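Chemist: Got a structure for you, questions after.
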Amino acid sequence: MAKNTTPLSKEFMKGLWDQNPVLKQLLGMCPTLAVTNSAVNGFAMGAATSFVLISSSTIVGLIRKIVPPQVRIPSYIVVIAGFVTVVDYFLRAQFPAISASLGPYIPLIVVNCVILGRQEAFTSRNPVGRSILDALGMGVGFTVALIVLGSFRELLGVGSIFGKVLMPGIFERWTIMLLPPGAFLALGVMIGIGNFVASKRQRSTEAGKGGR
Amino acid sequence: MNRAVKMIVVLTLISGIVGSLLALVYAATWPKILENERKQLEQAVYEVLPGATRFEEETSEERTLFRGFDEQDQPVGIAMKAQGTGFQGIISLIGGFTTDFNNMLGLKVLNQVETPGLGAKIVEDAFQDQFQGLVLTNRIAVVKRIPATKEKGEIRAITGATISSDAVKNILNSALAGVSQAGGE
């Protein structure tokens, strides 16, 4: 296999925007849609997923050469499930309130395709250092997207962000933003804005090069 | 090494290591998790039995009762845990009652998965406070008009969440029916 010559900074940065798991790859939609009814839930889910992603990428990166290709998926899943259980017990012991509000979605991180997807698409064919950078970038990109989505829904749904009231008293709460349809609406608007910005940017770089 | 043997060895090794690490994590966090649950319950008992400074747990086959006592060791009331089906899942709650079960002293919803923004309002004080001083001569009833009369055992339904309001009422009524069948206090 040809040596990967992408600059290291690019490995990290691509998760933030160009290949953002939520906005561009549309991976991990289950937690994205289900738990983002408040900013703090979005943050907690993002942080938990990032921890699992970074830890799994590290371990998978270290063991990838001794794992026979035929059992690579079960091996990765066992490692991922192990870290998810660690997060679950940690939250239940230290942050019972957050654990209660995320409910079954913490154990479900095991089947979050962002995590297995990164192991399969990246970690299994790159050195461990690069894999950790990739996981960091993807984790941060995922977390930021979830916080923005959660803030947007919380602001319109209850008039606050991170529990801080921002809307005036006369503001009529949009309860639908807290319900599943609100998740789809908010995500659709976010992806739309993301694509709009991306296409604007592409056009301006093309114009800079003297057009097509 | 034979390919099949290698597959088995590697997978067994990985599972074994992950399994042992999880056993350590479990041992380290489990006492804390149990303590959190106990604290949550304790706090709820004191919340639904205002004035209580200590309580005794009394477990029988059918139910667990928490008898609250004040500073002079006089009985304040009895708290009872109950659960039942809500709109989307199980609602578990704890109710505080006078020792004769004729009046309600308070209500606290412990766990619920009702719709956010609608049914989930059963955890808000505006709903829970209605149960303070509710008279239990008749079964608790949910009404949609204002004002609901506490003397008749009425509480006001949450707008747009009649099912969740009804669920709380039903859980309490069946728990109370269980107590009176057992001979009451």
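Chemist: As a test of the formula, what do you get for chain B when each DSSP H run with n ≥ 4 contributes -39,500 (n - 2.57) and the sum is divided by the residue count, at 222 nm and rounded to the nearest 500 deg cm²/dmol? Don't skip to the end; give the middle numbers.
Modeler: On the way: 3 runs with 70 residues, N = 185.
Per the formula, -13500 deg cm²/dmol.
Chemist: Distance from a point 7 Å along Cα→Cβ of B:Q43 to each backbone N in the stretch B:84-112: keep the residues under 14 Å and list them by number.
Modeler: B:108-111
Chemist: Per q in 0.12, 0.17, 0.21, 0.23 Å⁻¹, report the Debye log10 I(q)/I(0) for the stretch B:93-160, using one uniform scatterer on each alpha carbon and no solvent.
Modeler: -0.31, -0.61, -0.89, -1.03
Chemist: Between B:V9 and B:L34, how high is the FRET efficiency from 1/(1 + (r/R0)^6) when r is the Cβ-Cβ distance and R₀ = 41 Å? Nearest 0.05.
Modeler: Numbers: r = 38 Å, r/R0 = 0.92.
Using R0 = 41 Å, I get an efficiency of 0.65.
Chemist: Angle, helix B:162-181 long axis vs. longest principal axis of chain B, Cα atoms, 0 to 90°, nearest 10?
Modeler: With rounding to tens, the tilt is 80 degrees.
Chemist: Who wins for biggest fluctuation among B:A52, B:A82, B:A23 in a Gaussian network model of chain B, springs between alpha carbons below 10 Å?
Modeler: Maximum fluctuation in the GNM of chain B, among the listed residues, is at B:A23.
Chemist: Which value in nm describes the separation of the simple spin-label points at B:D100 and B:S180, placed 7 Å from the Cα toward the beta carbon?
Modeler: Between B:D100 and B:S180, the simple spin-label model gives 1.4 nm.
Chemist: Okay, moving on. Suppose only helical runs count, i.e. DSSP H with n ≥ 4. What mean residue ellipticity at 222 nm does that imply for chain A under -39500 (n - 2.57) per run, divided by all residues and rounded to the nearest 500 deg cm²/dmol? Intermediate results must be reported in sequence, preceding the final value.
Modeler: On the way: 8 runs with 136 residues, N = 212.
-21500 deg cm²/dmol, from helical runs alone.
Chemist: How large is the accessible surface of B:K32 in square angstrom, using a 1.4 angstrom probe and rounding to the nearest 10?
Modeler: Here the accessible area works out near 80 Å².
Chemist: According to a simple spin-label model (label point 7 Å from Cα along Cα-to-Cβ), what is the distance in nm between A:V111 and B:D125?
Modeler: Taking the simple label geometry, B:D125 and A:V111 are separated by 4.1 nm.
Chemist: Measuring from label point to label point, each 7 Å out along Cα→Cβ, what is the A:I193 to A:K164 span in nm?
Modeler: Placing both labels 7 Å beyond Cα along the Cβ direction yields 1.8 nm.
Chemist: Which helices pass in chain A if a helix is a full DSSP H run, must span at least 27 angstrom along its long axis by Cα, and must have mean Kyte-Doolittle hydropathy not below 0.0? Write down the numbers at each step before the final one.
Modeler: Details: long enough: A:39-63 (36 Å, 1.56); A:72-94 (33 Å, 1.10); A:128-158 (43 Å, 1.39); A:180-208 (42 Å, 0.30).
Both cut-offs are met by A:39-63, A:72-94, A:128-158, A:180-208.
The values are calculated or read from the model by the stated rules, or taken from the named source; none is laboratory data. Note that this is a predicted model, so its numbers are computed, not measured. Positions of Cβ are backbone-derived with ideal geometry, glycine not excepted, and every protein chain shown enters the neighbour counts. Note: accessible area is taken over every heavy atom of the protein model, side chains too, but ligands, DNA and RNA are not part of it. Shrake-Rupley method; radii C 1.70, N 1.55, O 1.52, S 1.80 Å.
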